[in-house]
1. Taking amide H positions as placed in the peptide plane 1.01 Å from N, state which residues far from ASN210 in sequence (5 or more) or on other chains have amide H under 5 Å from it.
2. Skipping prolines and chain starts, which residues have an amide H placed within reach, meaning under 5 Å, of the one on TYR270, given they are 5 or more residues away or on another chain?
3. Have a look at VAL186, VAL225, SER275 and report the one farthest towards the positive end of the charge dipole of the range 169-340, computed about the Cα centre with Cβ charges (Lys/Arg +1, Asp/Glu -1).
4. For the range 317-341 and the range 91-150, what is the separation of their C-alpha centers, rounded to whole Å?
5. Helix 122-136: angle to the longest alpha-carbon principal axis of the chain, degrees 0 to 90, nearest 10?
6. Per residue, what accessible area does the chain have, given a 1.4 Å probe and all protein chains present, in Å²?
7. Taking the Cα centre of the chain as origin, sum charge times position over the Cβ atoms of Lys and Arg (+1) and Asp and Glu (-1), and report the length of that vector in debye to the nearest 20.
8. So who's got an amide H within less than 5 Å of the one on THR44, skipping anything under 5 residues away but keeping other chains? H placed 1.01 Å off N, in plane.
Amino acid sequence: RSAQFQLAVPVAVVFAPGSVPADLPRPLPFRDAQETDISVNLRTSVTSRYEVTYRGTTAREEAALDAATARDADVALHMLQDAPLGSLTMYVVPETSSLLPQGISVYVGKHRSALVRAEGGLAALRARLRQLTQVMSFTAASIAAALSDRVPDGQLGPDARRHLKSSLGYEITFSLLNPDPKSHAVEWDIEDAVNRYVQPVLDKLSLVANFSVDSQILYYAVLGVTPRFDKESSSFLLSAHSLPHVINPVEARLGSSAASLYPVLNFLLYVPERSHSPLYIQDKDGATVSTNAFHSPRWGGIMVYNVEAPASPQVSLPLRVDVDMVRVMEVFLAQLRLLFGLSREELPPEFLLESPGNEGLADWELDRLLWAHTVENIATVSTTLTSLAQLLDKIGNIVIKDDVASEVYQAVSSAQSAMAELSAGHLHSAFQASKEAVTSSERAFFDPSLLHLLYFPDDQKFAIYIPLFLPMAVPILLSLAKIVREARQRKKLPTKID
């Protein structure tokens, strides 16, 4: 189960005219490599290797950098690039460049490139490069989180086990909970909302896993916690410490996720009953949560959607409620990003990150996910095969069929191939190989012929069969003894001689 990971990140540092530092060791272009070690545990070592190529801009890149804004330049540069997954291009622009806004030194685009203002010499540039690679590829924390099963608890950050574990597929369920259909006739156009807001994100994530989406409306489904009435605001409040108790009673109504092969992500929209409206969620400090929503790690999220009370008390019930899907989907997509560990970390004020727009995540964020999932997949395969080997060691007479053996060989060779591709800096093929390795190792591990209950230890066999055979064996043994006795007597009788 020991593993030596080498993660190679191909980086290009491209100097625009007027931005080349004076202290470069050699004339452009030249190559350079920087290595850092990430400590995981004694049996698992991770080395990250940044293979940097320094060069000047081409004429077309120079023209692209003449754009009016950083966003325009990012679009134009993307058209010129054929950047493979996991690679990173850093364009160094002169200190006086108007491309970057005042006070901004680094602009991270939507794709796999960043613009950096030339400040200081090569050492300052390398420090910037280190910061950028941490943002755009992986950090020691993100790799430790991916290997969380191998890392001692004390060394993990608070967020390490919040993200979903790597899987070949995920099922997403959107549920509308209407506990008071007598008062509220709630309508939501979930199909259109999924097509407009969720599908572009899932299309981008389709490289990572398969996704299926479904939705449902549940009537008379109430939260398991009674909210507290607050006189000052004349509203009902759910405090942060009571939120964990909300999920279990609701989950019982959601439909079984036990039948699912893949992890299920639940997104719940809760329209409170009229007797508990309006309902607000409070955080740990007692302040009202602006989104009126909360998320549960590796499970999903719940949003409370308040209905405005009718102006006159004579209004006929039920009230028709049309859900504002834009507001709801903003919250659910933010929760989806949190579940996949795509939340944007706090960055220095001189960094400017381009919003990913409609697609929900930038190309480099997809790469971050792939780096972490590839490492996690390889570690999972190693654990699965180790468990399988331990099972086979325990049962001496187990029968291993050819197809199971070939799955094990396939898993090992795919995992080795994934490791080799990672150390060569080919993230896409490494991820694909790691997925194949997981599929093969799980097929072998869950093969019905290897169910250990099919094989009994020898002492158990004796315990089962002796009570059955002993009653039959007694008369047989007595008969055998009699035959032996008679044979001996016959030998002793003197033979009669005429």
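1. The list, which skips near neighbours in sequence, is GLY169, TYR170.
2. So TYR270 has HN proximity to LEU177, MET303, VAL304, TYR305.
3. Final value for the positive-end residue is VAL225.
4. What the calculation gives is 33 Å, centre to centre.
5. Once rounded, one gets 60 degrees.
6. On the way: 26540 Å² over 498 residues.
Each residue of the chain exposes 53 Å² on average to a 1.4 Å probe.
7. Numbers: 44 positive and 55 negative charges, 568 e Å.
Dipole magnitude for the chain comes out near 2720 debye.
8. Here the answer is ALA3, since their amide H atoms fall under 5 Å of that of THR44.
The values are calculated or read from the model by the stated rules, or taken from the named source; none is laboratory data. Quick caveat: nothing in here was measured; it's all calculated off a predicted structure. Here Cβ is always computed from backbone atoms with ideal geometry, including for glycine, and neighbour counts include all displayed protein chains. The protein model used for the area step is the full one, side chains on, heavy atoms only, and it has no ligands, DNA or RNA in it. Shrake-Rupley method; radii C 1.70, N 1.55, O 1.52, S 1.80 Å.
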